[in-house]
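Working notes, beginning with the structure itself.
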Ligand code: R5P
């Protein structure tokens, strides 16, 4: 790995522990103004001090995040679909690597839809993006997306997806937590981060998810809805940060969440 690529990886995964708290706010690229992300600037700003990297589209980055901010950026570069369209898996690349360079990002992210009608297309998107990323020293984060088929998220399927993404050259893989998650981690040779998925029933559920994932070997989180749709977003991100970077257990994290209200 060349210096630029290594440097960008270290900007995402903090060198002291090799972990990251990534805040996902890219949902609008196919969901539009989803609840609590109607005004991205308002949602993002209070969370920035606790965020290692922001995952978002170039439109939200350019319009809703100050260029004076020192937060790291993981740029969502796949899309071309919508929640009201025919197929969520029908994605192409929506921003060039040159634009990623212009935006000074530390990684580019795309979704792969394995087991869908657009599996081939999204995997070739990944392979091409890795070629571009290698040329410019920009890591690629592959998201093992499931669209509306949330029931797909089991160990066997996610292990398959994560491994294929890594085999095609992804430098980071984002996936879902599942039972036997350590098996997913063990069979994927690149760092894994977890998505939170739709908002869980209680804050405790979200903290347990993050804790269990890190215990099983995830290198951190790339969570969205369970943070900014929480009734206490700052408390939630602080608590998750303690789990990721301070090895806090769920009890300690829950106290941080409550004390931040
Ligand atoms: C999909 O909408 C995006 O890739 C999100 O970044 C991803 O699903 C993570 O966000 P959440 O924790 O809300 O699932």
Please work out the FRET efficiency for the pair residue 231 and residue 2, using the Cβ-Cβ distance as r and a Förster radius of 51 Å; give the result to the nearest 0.05. 0.70
Using only Cα atoms, locate the centre of the stretch 71-115 and the centre of the stretch 1-70, then give the distance between them in Å, rounded to an integer. 14 Å
222 nm [θ] for the chain, helices only, -39500 (n - 2.57) per DSSP H run of 4+, per residue, to 500? -12000 deg cm²/dmol
If the chain between residue 119 and residue 102 were fully extended at 0.36 nm per residue, the gain over the current Cα-Cα distance would be 3.1 nm
Seen from all sides and averaged, what is the projected area of the convex hull of the Cα atoms in the chain, in nm²? 12.5 nm²
Provide the percentage of antiparallel DSSP beta bridges, counting only those with both residues in the stretch 3-197; round to the nearest 5. 10 percent
Could you rank the peptides 131-141, 82-92 by their average count of other C-beta atoms within 10 Å per residue, with the highest value first? 131-141, 82-92
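Taken together, the values in this text are just the output of simple stated rules run on the coordinates, not laboratory data. The model shown is predicted, which means the values in this text are computed figures rather than measured ones. Note that each Cβ is placed from the backbone with ideal geometry, even for glycine, and that neighbours are counted across all protein chains shown.
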